[in-house]
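FYI, it's all coordinate maths here, none of it is from the lab. These numbers come from a predicted model, not from an experiment. Every residue, glycine as well, gets a Cβ built from its backbone with ideal geometry; the counts of neighbours run over all protein chains shown.
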Amino acid sequence: MDPTEDFPISGYVRQSRRRAATNQRELAELAGITQSTLSRIEAGRSIPNVATLLRLLRVGGMHLAVVTTGAAGCRRCRSHPRHGTSPAVASPLISA
């Protein structure tokens, strides 16, 4: 499973850059990374660490939060936690 399938980091980073009305070179400089690294992130070929992602999002006035949604369901039927316990599901949430 692709770790970015449910969380399109590249799209959020591009959206942040566009909201800030800046180009890749300027955003990369503000975030402390190279333009080539930013290009790979926006193309979905690289995943930034959390600190870098936060810097990239802040430039466009965006924020990252992790929201837990409770138990993931039981291992046997995936519908309720009665048959076993599963860790809480953490979902990233990006807001403007």
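With the simple model of a label 7 Å out from the Cα in the direction of the Cβ, Leu54 to Arg25 spans 2.9 nm. Our coupling estimate for segment 43-54, obtained by passing each phi through the Karplus curve with A = 6.51, B = -1.76, C = 1.60 and θ = phi - 60°, is 7, x, 9, 8, 10, x, 6, 4, 4, 5, 4, 4 Hz, Gly and Pro reported as x. Sequentially through segment 58-63, phi angles give Karplus couplings (6.51, -1.76, 1.60; θ = phi - 60°) of 4, 4, x, x, 9, 9 Hz, Gly and Pro residues having no value and appearing as x.
In order along segment 30-37, the Karplus-derived 3J(HN,Hα) couplings, from 6.51 cos²θ - 1.76 cosθ + 1.60 at θ = phi - 60°, round to 5, 8, x, 10, 7, 4, 5, 5 Hz, and Gly and Pro are given as x.
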